[in-house]
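Report on one structure; see the data block that follows.
The values are calculated or read from the model by the stated rules, or taken from the named source; none is laboratory data. All values reported here derive from a predicted model rather than from experimental measurement. Quick reminder, even Gly has a Cβ in these numbers, built from the backbone with ideal geometry, and neighbours come from all protein chains shown.
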Amino acid sequence: MTDGAGFRAAHATAPAWRDAVAAILLELGELTATHQLGFVYVTDSYADAMDEIAIFLRQTTGVRHWVGTVGLGVVGMGKEYFDEPAMSVLVAPLNESAFRLFTVSDDDIDAVRKENSDWLAKADTPLAVVHADPRIADITQKIEGLASATNGFLAGGLTASRGRFAQLAGDVDEGVLSGVMLSLHEVPVQLGLTQGCSPIGPTRTVTGAEENILFSIDGRPALDVLKEDIGEVLSRDLKRIGGYIFAALPVPGSDMADYLVRNLVGIDQEAGAVAIGEAVATGDTVMFCRRDPDSAVEDLKRMAGDLKRRAGGGEIKGGLYYSCVARGPNQFGPDSQELGIIRETLGDFPLAGLFANGEISNDRLYGYTGVLALFL
């Protein structure tokens, strides 16, 4: 167990979810009436039992309000559980006036604002911890719409599961966006984002595109530009670039070289076209990037150091971390090295989170990133 100013966290692995919960309850210890909000993340081995888990946690902890979802892995402070049955929990000592749970279908994102208008007016710019079903059509636009509806900042991730895509926000559901809004007046938070890919070429301009297909970049066939940026060796065998080379879309107006990484989903050698996992238009900017473990480590340290400075030397009471399923042991190696870097820089504090199918920060959906929210 870790315990900071009333925040408590615990994590465990076991073949049966009841055994994992039993270990977690022992680690959490006796909770108080101030603990009104809990976060629970499970690997997909427990996905089918999310309803039972939610009921059991409410009954045994006394914590009334729970939110969470499923990942291919979950995290605690300094510890990663990936592709194994596991659970991670964070319990927060918050007044009920400090937060609001929400669940909205993808066709009525504005329902969050309608149902919580009075609370949102007092919360001013809340933080919304968001879990979303990746099967929702136009998920990127839905995330932008949720940020607009709440007039706040978002942090979270897309459910990742080989079974049930369960989400918990009071009740258990699928095919929705759900989570909890936190009033920054009562719950000070700092957010950090770290990239897992690094640019390999300059920022370029799309000069011909249709939906997600790039036909020309900088007035030249898109495939020619891709080959130039990745170099002669990779250009000889384009099959080798899958999972290594990506497209990156710079965020307009960003002062921190922010970009959204998207997969290369197709190449048409005859047409000289490149298809990516995002719609683009003529005039957009694009660059190519690669998965780079060394750069990922360096940027994770940068993010953690920046958050430490922004915390101003104050106590970190708790945190939530959302990392891409392609990170963790797949990029940083075994023995929980990704979470170890966070611990080395920021020290021990109660933490929970998951390996997601896409990461949410501010009003954007990212890929191959890590998003860390710190409660101060």
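Answer yes or no: is there a residue in the stretch 347-361 that is assigned by TED's automatic domain parsing to the domain that holds Ser161, assigned to a loop (DSSP other than H, G, I, E, B), surrounded by 20 or more Cβ atoms within 10 Å (Cβ to Cβ) and touching a Pro at 6+ places or on another chain (Cβ under 8 Å). Within the stretch 347-361 (the criterion being assigned by TED's automatic domain parsing to the domain that holds Ser161, assigned to a loop (DSSP other than H, G, I, E, B), surrounded by 20 or more Cβ atoms within 10 Å (Cβ to Cβ) and touching a Pro at 6+ places or on another chain (Cβ under 8 Å)), the answer is yes, since at least one residue qualifies. Within the option set Arg8, Arg58, being at pLDDT 95 or above and more than 29 Å from Leu346 (Cα to Cα) holds for one residue only, Arg58.
Kindly provide the set of residues from the stretch 93-108 that are aliphatic (A, V, I, L, M) and within 13 Å of Gly179 (Cβ to Cβ), ordered by number. Passing the criteria: Leu101, Val104.
Can you spot a residue in the stretch 181-191 that is touching a Gly at 6+ places or on another chain (Cβ under 8 Å), in a strand (DSSP E or B) and of a type in the set (S, T, N, Q)? No - not one qualifying residue is present in the stretch 181-191.
Here Asp83 does not fit the description of being over 30 Å from Ile341 (Cα atoms) and either out of contact with any Gly (no Cβ under 6 Å at 6 or more places or on another chain) or not assigned by TED's automatic domain parsing to the domain that holds Met50 (or both).
When we screen Thr205, Thr194 for residues that are closer than 29 Å to Lys308 by Cβ, assigned to a strand (DSSP E or B) and among the β-branched types (Val, Ile, Thr), the only hit is Thr194.
Taking into account only those residues within the stretch 113-168 that are aliphatic (A, V, I, L, M) and over 17 Å from the mean Cα position of the chain (by Cα), which is surrounded by the most Cβ atoms within 10 Å (Cβ to Cβ)? Once the filter is applied, the top-ranked residue is Ala123. Residues in the stretch 307-322: is at least one in contact with a Ser or Thr (Cβ under 8 Å, 6 or more places away or on another chain) and either surrounded by fewer than 21 Cβ atoms within 10 Å (Cβ to Cβ) or in a loop (DSSP other than H, G, I, E, B) (or both)? Checked against the condition, which is being in contact with a Ser or Thr (Cβ under 8 Å, 6 or more places away or on another chain) and either surrounded by fewer than 21 Cβ atoms within 10 Å (Cβ to Cβ) or in a loop (DSSP other than H, G, I, E, B) (or both), the stretch 307-322 yields at least one hit. Only one of the numbered conditions (1) in a loop (DSSP other than H, G, I, E, B); (2) assigned by TED's automatic domain parsing to the domain that holds Glu228 is not met by Met287, and that is (1). The single condition among (1) out of contact with any strand residue (DSSP E or B) (no Cβ under 9 Å at 6 or more places or on another chain); (2) within 15 Å of Leu226 (Cβ to Cβ) that Cys289 does not meet is (1). What number of residues in the stretch 327-346 are outside any helix (DSSP H, G or I), basic (Lys, Arg) and more than 14 Å from the chain's Cα centre (by Cα)? Within the stretch 327-346, residues that are outside any helix (DSSP H, G or I), basic (Lys, Arg) and more than 14 Å from the chain's Cα centre (by Cα) number 0. A single entry from Ala23, Ala33 fulfils the requirement of being more than 20 Å from the chain's Cα centre (by Cα) and either among the polar types (S, T, N, Q) or in a helix (DSSP H, G or I) (or both): Ala23. If you filter the stretch 115-159 down to residues that are in a helix (DSSP H, G or I) and basic (Lys, Arg), you find that the one that is farthest from Val104 (Cα to Cα) is Lys122.
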